[in-house]
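**Q** For reference, the structure I am asking about is given below.
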Amino acid sequence: MRRLFPLVAVLFAIPVAVARPDDPASALTLTGPGATTYGHEIDFVGRLTPAVAGQRVRLLRGTYFVAATSTNAAGGFRFKVAIARPGPFHVEASGVASPPVTVRIVPYLDASLVGARVAGSPLSLTAKLRPSYAGTLRIRVERSGGRTYSQLFGPSADVSLGTSAIERLKIVVEDLPKPGFAPVGRTLAVALRPPSLTVGSRSPLVTELVRRLRALGYETPSATQNFDDDVLESVYAFEKVENLDRTGVADATFWAHLDRAVAPKPRYYQPGAHIEVDKAKQVLYVVRDGKVVHISPVSTAGLPGRFTPEGQFSIYRKVPGYDPSPLGILYKPMYFTGGYAIHGNPSVPPYPASHGCIRVPNFVIERLYESEPYGETVYVY
């Protein structure tokens, strides 16, 4: 009889270090750059501990899925993604989640000027924030004399810039960022160049031209935006005094001289009032107590055999309206010797062209006739 002994198998359990992501002891980490530009590709890296190879890890922004990858043998993982929002981002693996990570986004700010940088010409600023949800724009325009314009806009702006003066502008464009976005700004410096104005031009800068000439004592027509024949005469007078080419064009050279010009000095210094006519420069000065207060263009004798007398004279006769004379039909003449007079004429070219009298523009004689009395001294040289 065979006796059967039960076989007792003793199994020894050998512990193996195999981590489970759903183990309470498991942990996920995630790191990323502190900041990046909008749409730039960055690396998120992290680690699962204890290490588990091949474990699926998901990257999320809030509740939105971004990307997925698997862990390596050491439990590490990496995501290479282009991000457009600051997060927060975190990773998950079988119920385990990492602490959130926020990446600050630096948006793009496009700002440019559209138009010529010339005073009196249309000029505008175009600005745009990318992405549009990064914040809002604030635009500040600083002008000469401390004048400042400031306004808030959305993520884009189109601003028409006033160019009625020759001046410098400082344009500051900056965003007011939303949480998670970095502030950005642009500064544009603009020097408005003087325009080239001539007969037929229409611009607020014509008004500025007239104003500045009048401030220096030049006879000018009433404030106007039209560069007409009367404005032309004022420009001629300035060109004569400043020894510029007598083109009748207010160009860059003209404006440069206007910026630093001062009133001319008379030849004769004496108390009271007198008139001077400078035949070389072809201008007339009204002088008060040694100071030139009014300047007018003139045209003296230029025809063959004709001359304008030189010396010291005085106004002895004035005729309102038109007066026939041996030298022609004279408008509001103020005679200073014989048949020679200072009188108005619709044509006062920038060179000697009269029969011998002293021509001034009609709008000038209207003023001189009223302001210069009988007996006033007239010097012609």
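The values are calculated or read from the model by the stated rules, or taken from the named source; none is laboratory data. Since we're looking at a predicted model, the values are computed, not measured. As a convention, Cβ positions derive from the backbone with ideal geometry for all residues, glycine included, and neighbour counts pool all protein chains shown. Protein only, heavy atoms only, side chains kept; ligands, DNA and RNA dropped before computing areas. Shrake-Rupley method; radii C 1.70, N 1.55, O 1.52, S 1.80 Å.
**Q** Within region 139-177, which residues are in contact with a Pro (Cβ under 9 Å, 6 or more places away or on another chain) and closer than 26 Å to T36 by Cβ?
**A** Those that are in contact with a Pro (Cβ under 9 Å, 6 or more places away or on another chain) and closer than 26 Å to T36 by Cβ: P155, E174, D175, L176, P177.
**Q** Provide a single number: the residues in region 35-65 that are part of a strand (DSSP E or B), under 25 Å from F181 (Cα atoms) and open to solvent by 40 Å² or more (accessible area, probe 1.4 Å).
**A** Qualifying residue count for the region: 9.
**Q** Quick one: P221 ticks every box in (1) surrounded by fewer than 17 Cβ atoms within 10 Å (Cβ to Cβ); (2) part of a loop (DSSP other than H, G, I, E, B) except a single one, so which number is it?
**A** Here P221 clears every test but (1).
**Q** Could you give every pair whose Cβ atoms fall below 8 Å, whose first residue belongs to region 42-64 and is among the hydroxyl-bearing types (S, T, Y), and whose second residue is modelled with pLDDT under 95 and surrounded by 12 or more Cβ atoms within 10 Å (Cβ to Cβ), counting only separations of at least 6 or pairs across chains?
**A** Correct list of pairs: T49/A19; T49/S26; T49/A27.
**Q** Quick check on my filter: what residues within region 87-126 are in a loop (DSSP other than H, G, I, E, B), under 30 Å from V57 (Cα atoms) and modelled with pLDDT under 95?
**A** If the condition is that a residue be in a loop (DSSP other than H, G, I, E, B), under 30 Å from V57 (Cα atoms) and modelled with pLDDT under 95, then G87, S94, G95 are the ones that fit.
**Q** Under 50 Å from the mean Cα position of the chain (by Cα), closer than 17 Å to E219 by Cβ and of a type in the set (V, I, T), is that true of V380?
**A** No: the conditions fail for V380.
**Q** Could you list all residues from region 346-364 that are crowded, with 22+ Cβ neighbours inside 10 Å and not in a loop (DSSP other than H, G, I, E, B)?
**A** Those that are crowded, with 22+ Cβ neighbours inside 10 Å and not in a loop (DSSP other than H, G, I, E, B): S354, I358, R359, V360, P361, V364.
**Q** Hey, another quick one. Can you report the number of residues in region 130-150 which are under 23 Å from Y108 (Cα atoms) and either basic (K, R) or open to solvent by 80 Å² or more (accessible area, probe 1.4 Å) (or both)?
**A** Qualifying residue count for the region: 3.
**Q** Moving on to the next point. Which of the following residues is surrounded by 17 or more Cβ atoms within 10 Å (Cβ to Cβ), over 16 Å from S112 (Cβ atoms) and at pLDDT below 90: S164, S203?
**A** Answer to the check: S203.
**Q** Sticking with this structure for a sec: When Y374 is evaluated against the numbered criteria (1) within 16 Å of Q282 (Cβ to Cβ); (2) in a loop (DSSP other than H, G, I, E, B), which criterion, by number, is the only one it fails?
**A** (1)
**Q** Out of region 191-215, which residues are of a type in the set (D, E, K, R) and within 27 Å of V293 (Cα to Cα)?
**A** Those that are of a type in the set (D, E, K, R) and within 27 Å of V293 (Cα to Cα): E208, R211, R212, R214.
**Q** If you go through region 314-336 one residue at a time, how many are β-branched (V, I, T), more than 18 Å from V286 (Cα to Cα) and modelled with pLDDT of 95 or more?
**A** Here the count works out to 1.
**Q** Taking the stated definitions as given, is G154 at pLDDT 95 or above and surrounded by fewer than 13 Cβ atoms within 10 Å (Cβ to Cβ)?
**A** yes
**Q** Also: Of the conditions (1) in a loop (DSSP other than H, G, I, E, B); (2) among the β-branched types (V, I, T); (3) open to solvent by 70 Å² or more (accessible area, probe 1.4 Å), T187 satisfies every one except a single condition; which number is it?
**A** Just one mismatch for T187, condition (1).
**Q** While we're on this one: Can you tell me which residue among A111, A68, A97 is under 21 Å from F181 (Cα atoms) and not aromatic (F, W, Y)?
**A** Result of the check over A111, A68, A97: A111.
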